[in-house]
1. Just in segment 400-480: which GluC sites (Glu not before Pro) are loop by DSSP and have at most 14 other Cβ atoms within 10 Å?
2. Suppose only helical runs count, i.e. DSSP H with n ≥ 4. What mean residue ellipticity at 222 nm does that imply for the chain under -39500 (n - 2.57) per run, divided by all residues and rounded to the nearest 500 deg cm²/dmol?
3. Find the relative contact order for segment 97-243 and round it to a whole percent, using C-alpha pairs within less than 8 Å whose residues are 6+ positions apart.
4. Quote the charge dipole size of segment 240-361 about the Cα centre in Debye, to the nearest 20; the model charges only the Cβ of Lys and Arg (+1) and of Asp and Glu (-1).
5. Given the peptides 238-250, 148-160, 213-225, 584-596, arrange them by the average over their residues of other C-beta atoms within 10 Å, most packed first.
6. Could you check the spin-label model distance between Arg207 and His556? Points 7 Å from the Cα along Cα→Cβ, value in nm.
7. For a quick check: with amide H placed at 1.01 Å from N, whose amide H comes under 5 Å from Phe552's, ignoring anything fewer than 5 positions away on the same chain?
8. Val494's amide H: which non-local residues (gap 5+, or another chain) put their own amide H closer than 5 Å, with H modeled 1.01 Å from N in plane and none for Pro or chain starts?
Amino acid sequence: MNRERLSSKKWLALFAFTIFLLAGLYAAFNFVTDSFGAFGDRFLHWWSYDMTQNPRVSKISYLEQHRDEYDSYIIGSSASSSFPIDELNEYTGARFFNMIMYGSDMLDVEQTARWLIENCEVKNLMLCVQTHDAMQYDINSGKLTDIMHYKADGSSALEFYKRYLFCDWRFGWAKLKTLKEDRESGYLQAAYDCFDPATGAYDKSKRDVEGISDLAGYVARDDYKIFAAYPHYNYNISCLEQCMGSLRAIKELCDENGVNMTVICPPMYSEYLKYYQHADLVKFGVELSQITDFWDFTMSSASFEPRYFYDETHFRNCLGSMALARVYGNDSLYVPEDYGYYIRKETAKAALEAEFAAAALPEEEYTAKVPILTYHETYEHQGEYGITTALFEEHMRALYEAGCTAVGFDELRAYVLRGEPLPERPVVITFDDGYLCNFEQAGPVLEKYGFKATVFAIGVSVGKDVYKDTGRKMNPHFSADEAMEMIAKGLFRVQSHGYDLHEVEGLDPDPVRVGVLPKEGESEKEYVEFLREDARTMKRLLLSMGEQQGVFAYPHGKGTQLTEVVFSREGIWSTVTTEERTDTLIKGLPQCLRSMGRFSMEKWVSADQMLQKIGYDRVREYEEPPAQ
């Protein structure tokens, strides 16, 4: 009997030990994988993943390890991520970190501000406050993806850590699986990897290189079709008192600790603002002005242009850049005249009434349509490719008689970034590949009609009349010295058609690369490194001609989202394709300079057909200058 009792005790102890061991292993797995950054991600160090899962928790854990790197912070919901950190640092001389949280309410903001001021060096605190912050308060769902860090909200440390130690193991398993995927093909931002840990900001590298087409094409996209048929709801600001209470507490905390507090109300889309009563919009601003002066960008003529927005409350970084330019007095950027009111309590109601009376600008006041023409070789006599010099002159004469002015990409950029005016009927003339005949045959024609052009050179062919090291003859390409001579005359600028992105079957090793597209079997890491090195080699070549690399013409017109991101990080701010369309430029929106269309001018395209393609007609006659 005693033996049986002893045996039962042993089995019970063994069972208890097994349960304890399994629980320990389970907790250890969650501790090591740390999918939410609750424990400081001490093993995988993948903060971008953690911040994507729960930015409220992971950012506090991150700052506990990196707080010495920052002295200023932005706090708010996801709209706060559209104020570029590098620009804020440049304007202020500070070191900002973005505490953006998904769907935050003003209690979250207050608790985060308090933790920052009590635990970090804080010189500047920028609060992003929107009218919808007064719609709800203390909305913590209790989900692991939403809860605050216990160090910020004062909750139980034991309960906090217990929840993450014994959370569903599949969170950790998902992190391990996606870590492998990220290491193999993680150059682009992914759904599981949405943050830049160094700044705390949302990674918009893909958003920032989207080619922005005409308005109809934009709202037809799946991502933006909300703008085509906007829904309507009725909202009320029932939590205004609690919202303002938290803002008042943050203001008092900043004043007590010598923190410079700036409040910005970011822009919203005009149709979304119809969800609110006009009186509530004004009341929100008036109540806020009783606590602090603030900058209000909620509504302006920009609020009516959907291409500045992703949806009703999320806007492109360009609007954030415009707002910072207004706040810090930078007159070099384009900013709509009615964009941004500095609201003081003495004049708040009148200023807000004026702001919410904003109307859309006529599209022609902030957009311009610019056709781009593409040529290749020009010959005295018709060759297999290209066009004759005589036909090229017919085209140039037709452009002159249509009242066109040839502009370059720098002028397009100046229009977009600074709002500098373009001439009536602008046109961009481009040549692909970099043939010597462009200078010898087309140059005098351009000079005759007062035009200029951009040549997209193939770097490896510059100064050559033989294809690479094959011994195969090809039409001569201009040299760097010849390019500098023509650039000095103001007739040509030279930009990139890739250093070595034109491979020919039978002349280059198999498999040949098609333009910038990856080769079969090429890993993403190898592919990205190839693109970067090609861009950097071309940059050095262009510098030898006195040119800065900024524009890239896709060989065969084929590019991808990946190539756009890679090239943008290499300093290329405009790309052109072979898609035949007239481009719409939008002031303040740099994306409109990417993936631009071009009209191909082949040997069968007459001057009249060329004008028809670009939508211009003749308005004057050209008179030959008198013989000398």
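1. Working: sites: Glu401, Glu411, Glu424, Glu440, Glu447; in loops: Glu424.
Taking segment 400-480 and a limit of 14 other Cβ atoms within 10 Å, the loop GluC sites (Glu not before Pro) found are Glu424.
2. Numbers: 22 runs with 242 residues, N = 628.
Rounded to the nearest 500, it is -11500 deg cm²/dmol.
3. Values: 88 pairs, mean separation 54.9, N = 147.
Result for segment 97-243 is 37 percent.
4. Working: 10 positive and 18 negative charges, 16 e Å.
With only Lys, Arg, Asp and Glu charged at Cβ, the dipole is about 80 debye.
5. Numbers: 238-250: 19.2, 148-160: 15.5, 213-225: 13.5, 584-596: 22.6.
Answer by packing, highest mean first, reads 584-596, 238-250, 148-160, 213-225.
6. According to this spin-label approximation, the distance is 3.3 nm.
7. Here the answer is Ser574, Thr575, Val576, since their amide H atoms fall under 5 Å of that of Phe552.
8. Val455
Where a number appears in this text, it was derived from the coordinates with a stated rule and is not lab data. In this text, all values refer to a predicted model and were calculated from it rather than measured experimentally. With ideal geometry, Cβ positions are generated from the backbone for all residues, glycine too; neighbour counts draw on all protein chains shown.
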